[in-house]
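The values are calculated or read from the model by the stated rules, or taken from the named source; none is laboratory data. Small disclaimer: the values here were computed from a predicted structure and weren't measured. We place every Cβ from the backbone using ideal geometry, glycine too, and count neighbours over all the protein chains shown.
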Amino acid sequence: MTIRRGQRGETASDAQAQATITVGFYRMASDPSRLSPLASGLSRSELLRCDREIVWHPFTQMAEYVPLVIERAEGCTLIDIDGRRYLDGVSSLWCNIHGHRHPRLDDAIHRQLDRVAHVTQLGASNPTTIELARRLVDLAPTGLGHVFFSDDGATAVEAALKMAFQYWRQRPDSKPEKRLYVALADAYHGDTLGSVSVGGVERFHAMFRPLLFEVLRAPAPDMYRLPAGVSAENACSHYLSAIERLLAERHAEIAALVIEPLVQAAAGMLMHPAGYLRGVRELTRRYDVLLIADEVAVGFGRTGTMFACEQEQVSPDLLCLAKGLTAGYLPMAATLATDEIWRAFLGTYAESRSFFHGHTYGGNPLGAAVALASLNVFDEERTLEKLGPKIDRLAEHLERLGRLPHVGSVRQRGLIAGIELVRDRETTEPFPWSERRGQRVCDRARAEGVLLRPLGNVIVVMPPLAIGLEELDQIAAAVERGIVAEMGATTTAAAQSGA
Ligand code: PLP
């Protein structure tokens with residue numbers, strides 16, 4: 001018996017409904033003009049079933065998961081297996097920069113594939129990765145002369161934390177007692193255990209507390225829910241004095257302070273006050289504490305400049321990059337370090353001063369090739385220069401959205417925006433997270449062809465930098481209609497129940 005690919009495990013009605021014929025790796029829909037390349041020979045229903053039952057999705061309740069299977073993309077639009085089109089309103093989780101299937105980026109990967117797909121960084125190298133390291137050093141804030149490659153944001157932070165620890169032990173005037181970290185409340189630095197230790201998002205991290213190392217916590221410089229007696233004008237100095245108190249008291253034990261510069265992304269796009277990052281840099285210098293800048297989310301143009309640190313003329317001691325590094329194409333991360341840190345690791349083999357850390361695919365040449373091509377596209381397409389009108393257009397939309405009922409705060413830095421829904425605008429009382437207000441608005445936007453992923457009650461808009469003005473309008477319109485529909489439904493339900 002021959003089993004036609006595309007029919008395994010289907011019911012007769014599934015098969016009839018789809019009327020698909022699988023030809024090699026191509027699935028021909030009943031309309032032959034739609035010849036759609038699928039990575040596998042699975043039928044539509046099998047794909048959906050396997051995605052629900054076999055694939056374990058991150059940060060997803062699998063018992064309730066409704067599959068969304070994207071098969072291909074064009075520019076800033078993603079296309080699912082049914083041919084439905086979605087604007088990529090969150091840059092495929094904050095990483096896509098120049099749009100999908102950019103010819104220059106695709107070509108760079110093809111050309112690298114013709115040479116070699118992978119070369120280990122453990123005792124070897126390849127020209128593409130070397131060239132990328134050189135470009136990053138030239139581009140990054142001054143003083144960061146060395147690049148350690150890994151694969152994801154979490155590993156970039158993990159490497160920085162371990163480098164800081166080892167550095168203090170190996171400095172000429174060794175200070176092994178410096179082994180603590182300072183991090184901000186509600187920080188997010190990834191999901192490996194070191195990154196989770198410095199993270200502070202209760203809902204994600206509380207479960208793992210018994211596994212984590214000690215971290216000194218400073219308040220998140222939240223400008224929306226200011227502490228009593230603090231105003232927007234004195235917020236920066238208020239939050240900086242909290243850091244100063246910590247450093248003054250414990251600096252002899254502190255190895256590093258880790259921060260998401262300008263925007264605390266996963267906390268709900270919390271925007272730090274102007275001058276805060278610079279103040280943190282001055283304090284860490286004064287108290288001899290390393291500064292780790294985690295630009296995994298904000299790097300590569302998101303905030304309007306190539307790196308967020310530039311906006312406050314800050315050079316950290318360690319800089320973590322990932323996500324946009326490959327323009328959202330391949331997993332690749334980099335931890336940049338100063339000469340001083342690098343020198344503390346030099347010595348003979350027998351002295352055992354090497355950095356004892358590494359990942360199999362760190363520095364992968366395919367990733368490096370597309371990262372280099374992305375930096376070229378930044379130049380050729382003048383990506384940063386073209387951001388101004390997009391940032392302004394987003395601001396106009398936010399101004400309007402901010403007037404909607406139950407929108408407590410709209411906040412923006414560059415092409416990053418957070419729209420926070422609250423139960424009570426006067427008191428800023430949040431909706432209980434279990435009501436999934438943000439998700440409900442995003443579900444409505446999705447039905448209109450705009451793909452968004454919220455952070456609790458905060459709707460995040462963070463499109464590729466290549467987004468067009470009209471596409472931005474579409475995203476904002478879908479968010480607006482989603483909020484009106486959801487919050488309108490709330491009012492009606494509340495009125496009906498007599499609440
Ligand atoms: N650091 C920051 C600031 C992030 O926002 C993220 C992810 O969102 C990470 C680190 C972790 O990156 P990855 O998911 O690539 O491990």
- Message: I'd like to check something: does the stretch 290-305 contain any residue that is more than 16 Å from the ligand (Cβ to nearest atom), buried (at least 17 other Cβ atoms within 10 Å of the Cβ), in contact (Cβ under 8 Å) with a residue 24 or more places away in the chain and acidic (Asp, Glu)?
- Response: no
- Residue check, Gly153 against (1) surrounded by fewer than 22 Cβ atoms within 10 Å (Cβ to Cβ); (2) within 17 Å of Thr335 (Cβ to Cβ), all met but one. Which one? (1)
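Residues checked against (1) among the basic types (Lys, Arg); (2) touching a residue at least 24 places away in the same chain (Cβ under 8 Å); (3) more than 16 Å from the ligand (Cβ to nearest atom):
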position	(1), (2), (3)
Pro316	no, yes, no
Leu319	no, yes, no
Lys323	yes, yes, no
Thr348	no, no, yes
Pro365	no, yes, yes
Glu385	no, no, yes
Ala395	no, no, yes
- Take the stretch 325-339 and flag every residue that is more than 13 Å from the ligand (Cβ to nearest atom) and under 13 Å from the mean Cα position of the chain (by Cα). Ala327
- Restricting attention to the stretch 115-144, the residues that are out of contact with any Cys (no Cβ under 8 Å at 6 or more places or on another chain) and closer than 24 Å to Arg281 by Cα number exactly 8
- Task: Find the residue count for the stretch 185-194, including only residues that are within 11 Å of the ligand (Cβ to nearest atom) and touching a strand residue (DSSP E or B) at 6+ places or on another chain (Cβ under 6 Å).
- Result: 1
- Message: Quick check on the stretch 258-276. Is at least one of its residues more than 16 Å from the ligand (Cβ to nearest atom), surrounded by fewer than 16 Cβ atoms within 10 Å (Cβ to Cβ) and in contact (Cβ under 8 Å) with a residue 24 or more places away in the chain?
- Response: yes
- Query: Between a first residue in the stretch 155-181 that is farther than 12 Å from Val289 by Cβ and a second residue that is in a loop (DSSP other than H, G, I, E, B) and of a type in the set (D, E, K, R), which pairs have beta carbons less than 7 Å apart while being 6 or more apart in sequence or on different chains?
  - Reply: Phe165/Arg179; Gln170/Arg353
- Item | Positions within the stretch 51-92 being buried (at least 16 other Cβ atoms within 10 Å of the Cβ) and aliphatic (A, V, I, L, M), in sequence order | Ala73, Leu78, Ile79, Ile81, Leu87, Val90
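A quick yes/no check of all residues on (1) over 19 Å from Phe355 (Cα atoms); (2) within 16 Å of the ligand (Cβ to nearest atom); (3) modelled with pLDDT under 95; (4) out of contact with any His (no Cβ under 7 Å at 6 or more places or on another chain):
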residue: Gln170; (1), (2), (3), (4): no, no, no, yes
residue: Asp173; (1), (2), (3), (4): no, no, no, yes
residue: Val198; (1), (2), (3), (4): yes, yes, no, no
residue: Val201; (1), (2), (3), (4): yes, yes, yes, yes
residue: Phe204; (1), (2), (3), (4): yes, yes, yes, yes
residue: Phe213; (1), (2), (3), (4): yes, no, no, yes
residue: Arg217; (1), (2), (3), (4): yes, no, no, yes
residue: Ala220; (1), (2), (3), (4): yes, yes, no, yes
residue: Ala235; (1), (2), (3), (4): yes, no, no, yes
- Within the stretch 67-84, track down each residue that is over 23 Å from Asp191 (Cβ atoms), among the aliphatic types (A, V, I, L, M) and free of Cβ contacts under 8 Å to residues at least 40 places away in the same chain. Val69, Ala73, Ile79
- Message: Looking at the stretch 128-152, I want the residues that are of a type in the set (Asp, Glu) and have a partner that is away from the ligand (no atom under 16 Å from the Cβ) and assigned to a helix (DSSP H, G or I) with Cβ atoms under 8 Å, at least 6 apart or on another chain. Which pairs are those?
- Response: Glu131/Ala368; Glu131/Leu372
- Any hit, the stretch 144-154, residues being assigned by TED's automatic domain parsing to the domain that holds Ala255, more than 16 Å from the ligand (Cβ to nearest atom), among the small types (Gly, Ala, Ser) and assigned to a strand (DSSP E or B): yes
- Do you know which of the residues in the stretch 419-447 that are closer than 22 Å to Ala395 by Cβ and charged (D, E, K, R) is modelled with the highest pLDDT? Glu420
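Looking at Asp294, is it under 30 Å from Ser91 (Cα atoms) and at pLDDT 95 or above?
The answer is yes for Asp294.
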- Message: Step by step: first the residues of the stretch 422-471, then only those that are among the basic types (Lys, Arg) and touching a residue at least 24 places away in the same chain (Cβ under 8 Å), then the one that is farthest from Glu381 (Cα to Cα). Which residue is that?
- Response: Arg437
- Query: Within the stretch 86-113, how many residues turn out to be in a helix (DSSP H, G or I) and more than 16 Å from the ligand (Cβ to nearest atom)?
  - Reply: 11
